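Q: Take a look at the following structure, please.
The values are calculated or read from the model by the stated rules, or taken from the named source; none is laboratory data. Bear in mind that the values here come from a model prediction, so they are computed numbers and not experimental data. Ideal geometry is used to build each Cβ from the backbone, glycine not excepted, and the neighbour counts take in all protein chains shown. Calculation scope for accessible area: heavy atoms of the full protein, side chains included, ligands and nucleic acids excluded. Shrake-Rupley method; radii C 1.70, N 1.55, O 1.52, S 1.80 Å.
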Amino acid sequence: MRHIQGIFIDVKNQTITETTILTGLIPIYKLLNCRVVDIIHLSDNSGIYIDDEGLLIDEDMVEGYFTIKGKGQFYAGSGLLVGFDELRSDTSTTLNVEQVKKLVTFYTPEQVPQANKEPKMIFMTIDEYEIFKKNNNA
């Protein structure tokens, strides 16, 4: 394993900081305090790891939420922004803290409407997905 530079989105302290982390899922699970992760793709070469079960855990256990400009939903728990290489392996991010601060908005659990604390699943055709990606910069 090797070290990479990432950006930690800390919902508990509502801070965004650079961090060095070992590659692989176990260090990410430990940092995000979760068992399963998903990725919010920001571009072809960057994304944010989030707790995939964040909206499924007991609401009293969620330390906070955040949104990403242009993504239109709330994410429960902290996140880790990393870069990706041409093989989709994790690499150091090319973004800096100031750029990420412009994308992220923090929320306490009390600020998030109850309807946004519920997990949602959307089914769509491949054609609908391509339109969705185009309209949402996904």
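Q: Considering only the stretch 2-19, I want to know if a residue exists there that is hydroxyl-bearing (Ser, Thr, Tyr) and modelled with pLDDT under 95.
A: No, the stretch 2-19 has no match at all.
Here's the yes/no breakdown for (1) within 17 Å of the chain's Cα centre (by Cα); (2) within 18 Å of Tyr65 (Cα to Cα); (3) modelled with pLDDT of 85 or more; (4) open to solvent by less than 100 Å² (accessible area, probe 1.4 Å):
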| site | (1), (2), (3), (4) |
| --- | --- |
| Leu95 | yes, no, yes, yes |
| Val100 | yes, yes, yes, yes |
| Phe106 | yes, yes, yes, yes |
| Gln111 | no, yes, yes, no |
| Ala115 | no, yes, no, yes |
| Pro119 | yes, yes, no, yes |
| Thr125 | no, no, yes, yes |
| Phe132 | no, no, no, yes |
| Asn136 | yes, no, no, yes |
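Q: Right, next: Condition check: part of a loop (DSSP other than H, G, I, E, B) and open to solvent by 20 Å² or more (accessible area, probe 1.4 Å). Does Leu42 satisfy that?
A: So Leu42 fails the test.
Q: Still on this structure, I have one more. So the check is Cβ under 7 Å with 6+ separation or different chains; which pairs have a first residue in the stretch 97-114 that's touching a residue at least 24 places away in the same chain (Cβ under 8 Å) and a second one that's assigned to a helix (DSSP H, G or I)?
A: Within 7 Å, the pairs are Pro109/Glu59.
Q: Given the condition part of a strand (DSSP E or B), in contact with an Asp or Glu (Cβ under 6 Å, 6 or more places away or on another chain) and surrounded by 15 or more Cβ atoms within 10 Å (Cβ to Cβ), answer yes or no: does some residue in the stretch 48-66 qualify?
A: yes
Q: Now for a separate question. The conditions are (1) farther than 23 Å from Met1 by Cβ; (2) among the hydrophobic types (A, V, I, L, M, F, W, C); (3) modelled with pLDDT under 95, and Phe84 fails exactly one of them. Which is it?
A: (1)
Q: I'd like to check something: does the stretch 29-37 contain any residue that is open to solvent by 20 Å² or more (accessible area, probe 1.4 Å), under 12 Å from Phe8 (Cα atoms) and at pLDDT 95 or above?
A: So far as the stretch 29-37 goes, yes, one or more of its residues are open to solvent by 20 Å² or more (accessible area, probe 1.4 Å), under 12 Å from Phe8 (Cα atoms) and at pLDDT 95 or above.
Q: Looking at the stretch 67-106, which of its residues are under 15 Å from Ile40 (Cα atoms) and of a type in the set (Lys, Arg)?
A: Lys69, Lys71, Arg88
Q: Identify the residue in the stretch 30-39 that is part of a loop (DSSP other than H, G, I, E, B) and not hydrophobic (A, V, I, L, M, F, W, C) and, among all such residues, is farthest from Ala76 (Cα to Cα).
A: Checked the stretch 30-39; the qualifying residue farthest from Ala76 (Cα to Cα) is Arg35.
Q: Can you tell me how many residues within the stretch 93-107 are within 17 Å of Gln73 (Cα to Cα), part of a loop (DSSP other than H, G, I, E, B) and in contact with a strand residue (DSSP E or B) (Cβ under 7 Å, 6 or more places away or on another chain)?
A: Residues meeting the conditions: 1.
Q: Kindly indicate whether any position in the stretch 70-84 is open to solvent by 40 Å² or more (accessible area, probe 1.4 Å) and either part of a strand (DSSP E or B) or without any contact (Cβ under 8 Å) to a residue 12 or more places away in the chain (or both).
A: no
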